[in-house]
Each structure stands twice: as C-alpha cells, then as structure tokens.
Amino acid sequence: MAVERTLTILKPDCVRKNLIGEVTKRIQEAGFKIVAMKMTKLTEDTAGGFYAVHKERPFFGELVEFMSSGPCVPMILEKENAIADFRELIGATNPEEADEGTIRADFADSVGENIVHGSDSVENGKIEANYFFAESEVVANKA
Ligand code: CMP
C-alpha cells in the first residue's frame, strides 16, 4: 500500500473541550506520523477559503463562523493508506452515524461541531496541506 498524507484539523470544539491531547494520542496510536503541526486561529476569510468548495451549501455561513470561532490545530499526517484509514478512525461526518469507538462518535456534538476534519482524497490532501503549511514547515518524521 502506498504511503499517503492527509490533512486534519483539530477543530475549535476539540480545542475548547481540552481534547487536543486525547485526539492526538488516538491518531498516533493508530500509526499516523505527524509531519507538520501548528495552532492557529482562522479568520472568516481563511476558513471560507479552506471550505470554498462548500460555499453554495446552506450550512456554509455556519461552518465559517464555527471554524473561525477559536483556535484550531491543523496537522499533516503520514501513513500507508492514510486517507481511508483516517476517515475510518474519525467516523462519519455526522456523529450520530459514526461507528462506535470512532473519534466523532466519542466526542462530537453535531454534524457542524464534529471535532476533526480529514481530507477526502490524496489530491485534496495535498491542496489542503498547502493551504496551511509551507514546505519548510513539513518534516520527515521517522520516529
Ligand atoms: P469536514 O469534514 O470538516 O468538511 C466539511 C464540513 O462541513 C464537515 O466536516 C461538517 O463539519 C460541515 N457540515 C457538513 N454538513 C453540515 C450541515 N448539514 N450543517 C453544518 N455543517 C455541516
């Protein structure tokens, strides 16, 4: 299987609930290597740019407001089959539909406030990683 990268964001609800450590622990225990990580607070413009693909959706305003409501923690993760494996680890977008034991089933309150983002393809993972990180901020994590 190919080594892939996925972009995750520990969203403002994850930070507010003091779950950065718990969620990061689950990510690392599932075999993902963190190759880039920062804490940042998105503006409405940067949140809207990240989610531009959803700008015609009825929930876009709510999504932008929530994602710019407090600090978040974007990370680039590396692993074989990272895209699919990460989506399995976090569970369905709507926590009510997420499998038992997934991050969203355990911690998310709603489809909007769902703790983490995960890229949906290798191609989008690259675009999303580039949205948050310069090449110089990405390290080769051999740990
Ligand atoms: P994410 O994986 O970050 O990508 C798009 C986000 O839009 C998604 O997680 C949800 O948090 C959000 N989203 C999707 N559907 C809805 C909805 N019906 N209402 C509010 N937010 C939504």
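Is at least one residue of the range 2-22 assigned to a strand (DSSP E or B) and acidic (Asp, Glu)?
Yes, there is a match, as at least one residue in the range 2-22 is assigned to a strand (DSSP E or B) and acidic (Asp, Glu).
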Taking the range 1-34 as the region of interest, how many residues are in contact with a helix residue (DSSP H, G or I) (Cβ under 9 Å, 6 or more places away or on another chain) and either of a type outside the set (D, E, K, R) or at positive phi (or both)?
17
Residues of the range 106-119 being surrounded by fewer than 16 Cβ atoms within 10 Å (Cβ to Cβ) and either over 14 Å from residue 63 (Cβ atoms) or modelled with pLDDT under 95 (or both), which ones?
109
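Just for the range 92-143: of the residues that are within 15 Å of the ligand (Cβ to nearest atom) and among the polar types (S, T, N, Q), which one is nearest to residue 3 (Cα to Cα)? Please lay out each step first, then the result.
Step one: filter the range 92-143 for residues within 15 Å of the ligand (Cβ to nearest atom), giving 92-98, 102-105, 107-121, 124-125, 127-129, 131-132.
Those still in the list that are among the polar types (S, T, N, Q) too: 93-94, 102, 110, 114, 119, 121, 124.
Working: 93: 24, 94: 27, 102: 22, 110: 31, 114: 26, 119: 15, 121: 13, 124: 15 Å.
Filtering first and then ranking leaves 121.
Can residue 140 be described as touching an Asp or Glu at 6+ places or on another chain (Cβ under 8 Å) and of a type in the set (A, V, I, L, M)?
On the way: touching an Asp or Glu at 6+ places or on another chain (Cβ under 8 Å): no; of a type in the set (A, V, I, L, M): yes.
No.
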In the range 128-143, what residues are surrounded by 13 or more Cβ atoms within 10 Å (Cβ to Cβ) and more than 13 Å from the chain's Cα centre (by Cα)?
130, 133, 137, 138, 141
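Among what's in the range 57-89 and is out of contact with any Pro (no Cβ under 9 Å at 6 or more places or on another chain) and of a type in the set (Gly, Ala, Ser), pick the residue that is surrounded by the fewest Cβ atoms within 10 Å (Cβ to Cβ). Write out each step before concluding.
Of the residues in the range 57-89, the ones out of contact with any Pro (no Cβ under 9 Å at 6 or more places or on another chain) are 57-65, 73-89.
Now drop any that are not of a type in the set (Gly, Ala, Ser), which leaves 61, 82, 84.
On the way: 61: 12, 82: 26, 84: 14.
The extreme case among them is 61.
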Within the range 65-91, take every residue that is touching a helix residue (DSSP H, G or I) at 6+ places or on another chain (Cβ under 8 Å) and near the ligand (Cβ under 10 Å from one of its atoms) and give me the one that is nearest to residue 132 (Cα to Cα).
67
Out of curiosity, is residue 50 among the hydrophobic types (A, V, I, L, M, F, W, C), surrounded by 14 or more Cβ atoms within 10 Å (Cβ to Cβ) and either closer than 19 Å to residue 19 by Cα or under 12 Å from the mean Cα position of the chain (by Cα) (or both)?
yes
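The values are calculated or read from the model by the stated rules, or taken from the named source; none is laboratory data. Because the structure is predicted, anything quoted here is derived from the model rather than measured. With ideal geometry, Cβ positions are generated from the backbone for all residues, glycine too; neighbour counts draw on all protein chains shown.
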